[in-house]
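S.K.: Could you have a look at this structure, given as structure tokens, before my questions?
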Amino acid sequence: MQPDPSPFGLRGFLIDAPDYGSLRSHRDGAIIIANGKIVEVGAYEDLRKRQRPVSVRWLEREKVVIFPGLIDCHTHLPQYSAVARGESQLLPWLRENIFPVERDFTGPRAREEAPLFFRELARNGTTTAMIYAAIYEESCEAGFEAAEASGLRVILGKMMMDLGSYGQLQPKKILSVSLIESERLCRKWHGAAEGRLEYAFSPRFAVTCSEKMMRSAAELAQRFGAYLQTHLAENREEIEKVHHLHMSARDYTDVYEKCGLLTPKTMLGHCLHLNAREIDAIAAAQSSIAHCPTSNLFLGSGLLKLDELLQAGIAIGLGSDVAAGPELNMWQVMRAALDVQKARSMSEPNLPRLRPSEAFHLATSGGARALGKSAAIGSFEAGKEADVIVIDLTAVLPYGKQNRHLDDLSAEDILALCIYRGGPYATLETYVRGKCVYCAPNSISSP
């Protein structure tokens, strides 16, 4: 999809959070987009009156909020059909509910579901997502084809497992085949669609990957400048199992350190049960963490010590982690992130509560930083790529269009309404690089 070169403007209540802990807003604001980038940001009246060599086509409507596109740092393409299934903890839940679904996510099913999955992301206002496919090359290929057609910004990788895998290959062949297929996918798709698509080598976690698998994945990622994604310290039983598999390691994180998996392009899912040494090691490696609160609550995995990770300087984004997370709705993930820290504060009275502006930062600018994309996306600055969502404020207001108190609402009030009441029904338009990739039936014409 080529960006529209003719400039157009979006008018509404602009809200972004470039810094953790504060919001930036324009009540009657606007952004002007050309060639896929934000070229101007500010008050609508100021921008409207400004003289330009080329006229701006304005898309105006009442009672809309304009946010940076939401960023999902951790989710699973094959699992969406299994959301809300099972009530056990992580390892039995994987065996009983998830591996059977992933086992069936082969060519025909993947090609049917992948386009639907990416449409759901766009409908939820997610413009960037880091995603796991199933273990099959064809499932990842179908995912990339659908991602390319969707117009979304996607980092995707074939799931890598050689211990207790659900595939049909004999154990001696699984490792070599997985590495060959992953490399082939990376060569084809990393940097495709003018950099909109990227590859992530994806060893599932230390329970299902041999040291050779993990070392090889790290070496391939380094060779191609690709991402790495895996899971770490999500569940107590998982940690105990890793301890028995790797008796010489100081802790779970040390397993990944020794295999070269901790890099500045590594995204670690969960990280609920880390000791101080592990936190320091992740920070020193400049690896990032995907906080997945809806998933952690669903499986009863634990409550993230967010303050300790942030104090260590670790970049943190949010993840829907479908299917343990029940929705691709990042507003719900933000809400759960707030609830997790509230739950902690009940037993830790001196713990400051997470604020809506901070949760929103993690879902936008924080996620961009975690993915190494702060220069391109996450907030509204001239020169950044135009990943933008337009939200119908009346869809989250009590009494909807009959509500007459809109002018009394601050940016903090509006953000809180979106976090606690937002969802795909409120998304009017989703833009990636200035191209409209989702337009609700009740929206005005998009460029």
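The values are calculated or read from the model by the stated rules, or taken from the named source; none is laboratory data. Model, not experiment: these values are computed from the prediction. Every residue, glycine among them, receives a Cβ derived from its backbone with ideal geometry; neighbour counts consider all protein chains shown.
S.K.: Among ARG335, ARG353, which is the only one that is within 16 Å of the chain's Cα centre (by Cα) and either in a helix (DSSP H, G or I) or not assigned by TED's automatic domain parsing to the domain that holds ILE391 (or both)?
M.R.: On the way: ARG353 fails: within 16 Å of the chain's Cα centre (by Cα).
Being within 16 Å of the chain's Cα centre (by Cα) and either in a helix (DSSP H, G or I) or not assigned by TED's automatic domain parsing to the domain that holds ILE391 (or both) holds for just one of ARG335, ARG353, which is ARG335.
S.K.: Would you say MET346 is touching a residue at least 40 places away in the same chain (Cβ under 8 Å) and aliphatic (A, V, I, L, M)?
M.R.: Numbers: touching a residue at least 40 places away in the same chain (Cβ under 8 Å): no; aliphatic (A, V, I, L, M): yes.
So MET346 does not fit the description; no.
S.K.: Can you spot a residue in the stretch 19-29 that is assigned to a strand (DSSP E or B), modelled with pLDDT of 95 or more, under 19 Å from ALA376 (Cα atoms) and not basic (Lys, Arg)?
M.R.: No; the residues of the stretch 19-29 include none that is assigned to a strand (DSSP E or B), modelled with pLDDT of 95 or more, under 19 Å from ALA376 (Cα atoms) and not basic (Lys, Arg).
S.K.: Quick check, is PRO264 surrounded by fewer than 20 Cβ atoms within 10 Å (Cβ to Cβ) and not polar (S, T, N, Q)? Reasoning before the result, please.
M.R.: Working: surrounded by fewer than 20 Cβ atoms within 10 Å (Cβ to Cβ): yes; not polar (S, T, N, Q): yes.
Considered against the rule, which asks whether it is surrounded by fewer than 20 Cβ atoms within 10 Å (Cβ to Cβ) and not polar (S, T, N, Q), PRO264 comes out as yes.
S.K.: Still on this model: In this structure, does ARG344 turn out to be out of contact with any helix residue (DSSP H, G or I) (no Cβ under 6 Å at 6 or more places or on another chain), surrounded by 15 or more Cβ atoms within 10 Å (Cβ to Cβ), over 22 Å from ARG24 (Cα atoms) and among the basic types (Lys, Arg)?
M.R.: Details: out of contact with any helix residue (DSSP H, G or I) (no Cβ under 6 Å at 6 or more places or on another chain): yes; surrounded by 15 or more Cβ atoms within 10 Å (Cβ to Cβ): yes; over 22 Å from ARG24 (Cα atoms): yes; among the basic types (Lys, Arg): yes.
Here the answer is yes, as ARG344 does meet what is asked.
S.K.: Can you name the residue in the stretch 383-401 that is of a type in the set (Gly, Ala, Ser) and over 20 Å from VAL437 (Cα atoms) and, of all such residues, is surrounded by the fewest Cβ atoms within 10 Å (Cβ to Cβ)?
M.R.: Across the stretch 383-401, the extreme among qualifying residues is GLY383.
S.K.: Six or more apart or on different chains, Cβ atoms under 7 Å: show the pairs whose first residue is in the stretch 357-379 and within 18 Å of TRP331 (Cα to Cα) and whose second is of a type in the set (Val, Ile, Thr) and assigned to a loop (DSSP other than H, G, I, E, B).
M.R.: That search, which allows pairs on different chains as well, returns ALA368/ILE377; GLY378/THR364; SER379/THR364.
S.K.: Could you figure out which of (1) surrounded by fewer than 17 Cβ atoms within 10 Å (Cβ to Cβ); (2) at pLDDT below 95 isn't true of SER443?
M.R.: (1)
S.K.: What are the pairs with Cβ atoms under 6 angstrom where one residue, in the stretch 175-189, is touching a residue at least 12 places away in the same chain (Cβ under 8 Å) and the other, located anywhere, is of a type in the set (D, E, K, R) and assigned to a helix (DSSP H, G or I)? Sequence gap at least six, or different chains.
M.R.: Between residues of the stretch 175-189 that are touching a residue at least 12 places away in the same chain (Cβ under 8 Å) and residues that are of a type in the set (D, E, K, R) and assigned to a helix (DSSP H, G or I), the close pairs are GLU181/GLU137.
S.K.: Follow-up question, since we're still on this one. Can you pull out the residues in the stretch 48-83 that are among the small types (Gly, Ala, Ser) and either at pLDDT below 95 or closer than 30 Å to ASN403 by Cα (or both)?
M.R.: SER55, GLY69
S.K.: Another question about this same structure. Could you list, in sequence order, all residues of the stretch 81-96 that are surrounded by fewer than 19 Cβ atoms within 10 Å (Cβ to Cβ) and either outside any loop (DSSP other than H, G, I, E, B) or of a type in the set (Gly, Ala, Ser) (or both)?
M.R.: SER81, ALA82, ALA84, GLY86, SER88, LEU91, PRO92, ARG95, GLU96
S.K.: Inspect all residues belonging to the stretch 240-260 and state whether any of them is under 21 Å from the mean Cα position of the chain (by Cα), under 19 Å from GLY157 (Cα atoms), part of a loop (DSSP other than H, G, I, E, B) and not assigned by TED's automatic domain parsing to the domain that holds GLY21. Please lay out each step first, then the result.
M.R.: Just the residues of the stretch 240-260 that are under 21 Å from the mean Cα position of the chain (by Cα), to begin with: none.
Scanning the stretch 240-260, I find no residue that is under 21 Å from the mean Cα position of the chain (by Cα), under 19 Å from GLY157 (Cα atoms), part of a loop (DSSP other than H, G, I, E, B) and not assigned by TED's automatic domain parsing to the domain that holds GLY21, so the answer is no.
S.K.: Which residues, counting only those in the stretch 55-92, are of a type in the set (Phe, Trp, Tyr) and over 15 Å from the mean Cα position of the chain (by Cα)?
M.R.: TRP58, PHE67
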